[in-house]
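S.K.: Let me begin by handing over the structure; questions about it come next.
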There are 2 protein chains.
Amino acid sequence: VTAEPFPAFDHRPQGMWRYRSLLPIGDGPIRYPLPVGGSPLTGPAVLRDRLGLPDLWVKDETVGTSGSNKDRATALVIEDGLRSGATTITTASTGNAAVATALGAAAAGIRAVIFVPAGCAEAKVAVMRSAGALVLRVVDGYRAAFELSRAAARHFGWLDRNTGVNPLTLHAKKTVAFEIWEQLGRAVPDVVVVPVGDGPTVLAMGRGFRELESLGLTNRVPRLIGVQASGCQPLAREWHGRPDSPVRHSGTIADGIDVPEPISGVEALAEVARSGGAFVAVPDAAMLAAIGMLASTAGVTCEPAGAAGLAGLLKARRMGLVAAGERVVVLVTGRELVVGADVPLEGGEALIAARLDEVERYAGALA
Amino acid sequence: VTAEPFPAFDHRPQGMWRYRSLLPIGDGPIRYPLPVGGSPLTGPAVLRDRLGLPDLWVKDETVGTSGSNKDRATALVIEDGLRSGATTITTASTGNAAVATALGAAAAGIRAVIFVPAGCAEAKVAVMRSAGALVLRVVDGYRAAFELSRAAARHFGWLDRNTGVNPLTLHAKKTVAFEIWEQLGRAVPDVVVVPVGDGPTVLAMGRGFRELESLGLTNRVPRLIGVQASGCQPLAREWHGRPDSPVRHSGTIADGIDVPEPISGVEALAEVARSGGAFVAVPDAAMLAAIGMLASTAGVTCEPAGAAGLAGLLKARRMGLVAAGERVVVLVTGRELVVGADVPLEGGEALIAARLDEVERYAGALA
């Protein structure tokens, strides 16, 4: 009779909350009820062999409650809000941030008002609504949805989880860098490859490693390679000095990075430049192939935007931006969640113009 | 300058492998490359309030690489196989076990040959094939697929991951009970509610708690409530003394528990009886409602079979089987994974009769 099979179960804060002393929240118990962060970093032997990259690593953010890296910012914004008595959270999103916000708000017992472009996929809206969110489809597109969400947050006093503009979102996302560093045995990789839409994920990755540097825990940062879609590559075009090239936006299946006007574009460009990295762009077909490659050689399933990192790494290799012996981390940002047919959708949904009175009409009872 | 923000990163075996001394594998490093186990147990405040169950807990097996609890058995069988040089694994499955096997085999660098009923959903087959599996659709249904998978394992010397019959699958699944006990602070809940198809999940849950008892770590086991679908409830009918009731199998949307002839049915009935528990059956509509309730009050998304536990708990409450003050754990077994359209499907697929020569025709090159 021995208790030895059960050594040292760790009841301290787990996942992202391990870094709470480096996050701008006060003392006291964590109120956010869902697990967040602590995603696996795996060294995929089969994929390494296939690519001839013996020191390749996959940081898999597809696991977790919301299926994407958008858990982290959601959790920190809601944690902060619960401490000040907030009852409603809002964000604009092309998909994953909205799903994470809807689920996180549901678990925390607060209301979510989500602004999406009018054309947002029905399947993603269904997931948001199954979690009880009010989903407002804004006819004027993502940028208008973003501005309206921000205006509504100010007007109604809602929590503003909009990515990039709420500094908490960057603080939350920097913890991915901390985890990579710890999971590699307190070592900084040579390269981190990151899908880029609005910009905060790659921006926070750089800031996380620079924070480690400022803490005296490392003396270098990895080169950041930002990956965009060929059909939506405002930052890659800027990077390569072609901002006014005639074909600006033909669209991409990777809705998570289909952002023609990135909110944090300037900062993302600066962060990548500072790291000595680069931007690349990959066609949809390369992302689809990368989905298959991740599944069949690493056991990881993801959506097109989630596979953009691997597709971008292959492009970067061909361009000579990454050497075979380097230690490379590919961030896989998310997988698609589904809610089956006939699931009751508690939340509401409306198509609106980008005006506050339209928001008030549907969400006014919450204000 | 301090390293204090990064306390005690735990590089020891994580998740299921924390219990390796209680699993039938030898010493040496774990070779299975994907994370497995260690799923969250959350106390969903909003759901507790809604149901008037202040000590309700959700054990969320939807997180993780394969999106279901089928990770665990897959990992242990492959770990064991890698130690003896196995190069092919086989299983029959209605879905999630097959997906987990395909992904786990891909990551481990071995081949997966999956036997499914001919009518298996295209979407699930696509996930298996994206991971490189050979999927054989057996025209004679699940039971025939199961027998054929077993025969092929014997004939070709493949790893047999068939649930229930390979004792490793039960050892792996018992770790869910260990985790619940630890996550509750080394306490046994009053009731655990478990969806039941083939039977091993509920059987292993009971065995896990009984193993804790035999180790002297507890002196009681929880009552197990097994939940079946109204349209496929062979064990619930047996339990209630109606095995020959005229309507035997009308089917259910919950494919994960749509098993008319459960492999481990007798053992599951005995385990539930021994625990002082019961079987209940719930209609598809109740599972759909439970999916919505889990999303909107606990932030958890799942498939119909995954929500059967919560639906069954509501039924058990109405039947007086669970009291309001009891400590109840609901197991949420899985979510649906998707592979988007146009992803290249590396693996193969064929419709076959339940004969070994048919298997040899498609998989012979592997034998």
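S.K.: Exactly one condition in (1) away from chain A (no Cβ under 14 Å); (2) more than 23 Å from B:G251 (Cβ to Cβ); (3) touching a Leu at 6+ places or on another chain (Cβ under 6 Å); (4) not acidic (D, E) is not met by B:G325; state its number.
M.R.: Among (1) away from chain A (no Cβ under 14 Å); (2) more than 23 Å from B:G251 (Cβ to Cβ); (3) touching a Leu at 6+ places or on another chain (Cβ under 6 Å); (4) not acidic (D, E), the lone unmet condition for B:G325 is (3).
S.K.: Looking at (1) modelled with pLDDT under 95; (2) crowded, with 20+ Cβ neighbours inside 10 Å, find the lone condition where B:D27 falls short.
M.R.: (2)
S.K.: Here is a follow-up. Inside segment B:328-356, can you point out the residues that are without any contact (Cβ under 8 Å) to a residue 24 or more places away in the chain and either hydrophobic (A, V, I, L, M, F, W, C) or crowded, with 24+ Cβ neighbours inside 10 Å (or both)?
M.R.: Answer for segment B:328-356, where residues must be without any contact (Cβ under 8 Å) to a residue 24 or more places away in the chain and either hydrophobic (A, V, I, L, M, F, W, C) or crowded, with 24+ Cβ neighbours inside 10 Å (or both): just B:A341.
S.K.: Suppose we filter B:A270, B:A289, B:A254, B:A229 for residues that are under 30 Å from B:R50 (Cα atoms) and open to solvent by 10 Å² or more (accessible area, probe 1.4 Å); which single one remains?
M.R.: So the residue among B:A270, B:A289, B:A254, B:A229 that is under 30 Å from B:R50 (Cα atoms) and open to solvent by 10 Å² or more (accessible area, probe 1.4 Å) is B:A289.
Rundown of residues vs (1) more than 14 Å from chain B (Cβ to nearest Cβ); (2) open to solvent by 10 Å² or more (accessible area, probe 1.4 Å); (3) in contact with a Phe, Trp or Tyr (Cβ under 7 Å, 6 or more places away or on another chain); (4) modelled with pLDDT under 95, yes/no style:
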residue	(1), (2), (3), (4)
A:N96	no, yes, no, yes
A:A102	no, no, no, no
A:A105	no, no, no, no
A:G109	no, yes, no, no
A:A131	no, no, no, no
A:R150	yes, yes, no, no
A:T175	no, no, yes, no
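S.K.: Does B:W158 qualify as being surrounded by 20 or more Cβ atoms within 10 Å (Cβ to Cβ), aromatic (F, W, Y) and touching a Phe, Trp or Tyr at 6+ places or on another chain (Cβ under 9 Å)?
M.R.: no
S.K.: Quick check on segment B:75-94: of everything there that is more than 15 Å from B:G157 (Cα to Cα) and part of a loop (DSSP other than H, G, I, E, B), which residue is most open to solvent (accessible area, probe 1.4 Å)?
M.R.: Within segment B:75-94, the match that is most open to solvent (accessible area, probe 1.4 Å) is B:T94.
S.K.: Considering segment A:52-72 alone, what residues qualify as being surrounded by fewer than 24 Cβ atoms within 10 Å (Cβ to Cβ), more than 12 Å from chain B (Cβ to nearest Cβ) and either in contact with a strand residue (DSSP E or B) (Cβ under 8 Å, 6 or more places away or on another chain) or on the phi < 0 side of the Ramachandran plot (or both)?
M.R.: Hits for segment A:52-72 are A:L53, A:P54, A:D55.
S.K.: Mind checking which residues of segment A:42-74 are without any contact (Cβ under 8 Å) to a residue 60 or more places away in the chain, aliphatic (A, V, I, L, M) and not in a helix (DSSP H, G or I)?
M.R.: A:V63
S.K.: Regarding segment B:36-57, can at least one residue be identified that is among the polar types (S, T, N, Q), at pLDDT below 95 and closer than 30 Å to B:I291 by Cβ?
M.R.: no
S.K.: Among the residues of segment A:190-206 satisfying the criterion of being assigned to a helix (DSSP H, G or I) and open to solvent by less than 10 Å² (accessible area, probe 1.4 Å), which is nearest to A:A97 (Cα to Cα)?
M.R.: Selected residue: A:P200.
S.K.: Is there any pair linking a residue in segment A:265-292 that is within 14 Å of another protein chain (Cβ to nearest Cβ) to one that is open to solvent by 50 Å² or more (accessible area, probe 1.4 Å) and not in a helix (DSSP H, G or I), with Cβ under 7 Å and at least six apart or on different chains, and which?
M.R.: A:D284/A:I253; A:L288/B:D342; A:L288/B:P344; A:A289/B:P344; A:G292/B:P344; A:G292/B:E346
The values are calculated or read from the model by the stated rules, or taken from the named source; none is laboratory data. Note that this is a predicted model, so its numbers are computed, not measured. Here the Cβ is made from the backbone with ideal geometry for all residues, glycine too, and neighbour counts use every protein chain on show. We work out accessible area using only protein heavy atoms, side chains counted, and drop any ligands, DNA or RNA first. Shrake-Rupley method; radii C 1.70, N 1.55, O 1.52, S 1.80 Å.
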